[in-house]
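Reviewing the structure listed below.
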Amino acid sequence: MTGMWQQFSKEISEVVDQAGKSIVAVDGRAGHTSSGIVWRRDSVLTAAHAIRQEINIGVIFAAGRSVAARLIGRDRGTDIALLKLDQDIEMRPVQFGSTQSLAVGEFTVAVARTRRGNIVASARIISGLMGEWQMARTRIDQFIRPDL
């Protein structure tokens, strides 16, 4: 049984390592950081509520390495903001997968980056899946509730 858990642990570690190649930290409000996803080599998606300024936003992509960014747009209904980096970064843009085969109870991993540039991760399960979700003028195709 130990071998099975060691293999599972190794596979999760590899998933975190791969996902971490597309994850940045975003300093968008006086010392508070959130994580972001490299959408393109010059663009990052992050939480809209974490952005309090429109320019001079810090994007940390590795320990001791950062680049400035500016806010391009935000959608408060989905809490998503798009940042344009002042220069391209050497990180892999995220590869989005399909959500159609997800099931309640499946194991999931959340990956983030700290303000120091370190990768951190936590694991839980998908606790709920719902269909279309409408909020004000925003429509989401599928609502996924992680147990994080």
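Given the options Ile51, Ile80, Ile126, state which has the largest fluctuation in a GNM of the chain using a 10 Å cut-off (strictly under) for Cα springs.
Result: Ile126 has the largest fluctuation of those listed.
In debye, nearest 20, what is the charge dipole magnitude of region 46-148 about its Cα centre with +1 on Lys and Arg Cβ and -1 on Asp and Glu Cβ, if you could check?
Working: 14 positive and 10 negative charges, 72 e Å.
Its charge dipole is roughly 340 debye.
On a C-alpha basis, how far is the centre of region 59-111 from the centre of region 34-48 in Å? Whole number, if you could?
Region 59-111 and region 34-48 have Cα centres separated by 4 Å.
Please list, ordered by chain and number, the residues whose modelled amide H lies under 5 Å from the amide H of Arg29; skip anything fewer than 5 residues away on the same chain.
Arg52
Classify region 2-146 from the C-alpha gyration tensor, please: rounded if a/c falls under 1.5, else prolate or oblate depending on whether a/b exceeds b/c.
Note, shape of region 2-146 comes out oblate.
Which whole-number percentage describes the relative contact order of region 14-109, with Cα contacts under 8 Å and a sequence gap of 6 or more?
It comes to 27 percent, rounded to a whole number.
As a footprinting exposure proxy, order Thr2, Thr33, Thr108 by other Cβ within 10 Å, with the fewest listed first.
Fewest to most other Cβ atoms nearby, the residues stand as Thr2, Thr108, Thr33.
With a 10 Å cut-off between alpha carbons and a GNM built on the chain, which of Ala103, Ala136, Ala48 moves the most?
Ala136
For the charge dipole of region 2-146, defined by +1 on Lys and Arg C-beta atoms and -1 on Asp and Glu C-beta atoms about the Cα centroid, which residue among Gly73, Met135, Met4 has the Cα displaced farthest towards the positive pole?
Positive-end residue among those listed: Gly73.
Which ³J(HN,Hα) values in Hz, rounded to whole numbers, follow from the phi angles of region 65-81 under the Karplus curve 6.51 cos²θ - 1.76 cosθ + 1.60, where θ = phi - 60° and Gly and Pro get x?
Computed from phi, the couplings for region 65-81 are 10, 9, 9, 7, 9, 9, 6, 9, x, 8, 10, 5, x, 9, 6, 10, 10 Hz.
What's the local net charge at Glu90, with K and R +1, D and E -1, over the other residues with C-beta under 14 Å away?
+3
Hand me the chymotrypsin sites (Phe, Trp or Tyr not before Pro) from region 57-137 located in a DSSP loop with no more than 12 other Cβ atoms within 10 Å, in residue order please.
Those satisfying the criteria are Phe96.
Bear in mind that the values in this text are calculations on the coordinates, not laboratory data. Remember, predicted model here, so these are calculated numbers, not experimental data. Neighbour counts are summed over all protein chains in view; Cβ atoms, including those assigned to glycine, are modelled from backbone coordinates with ideal geometry.
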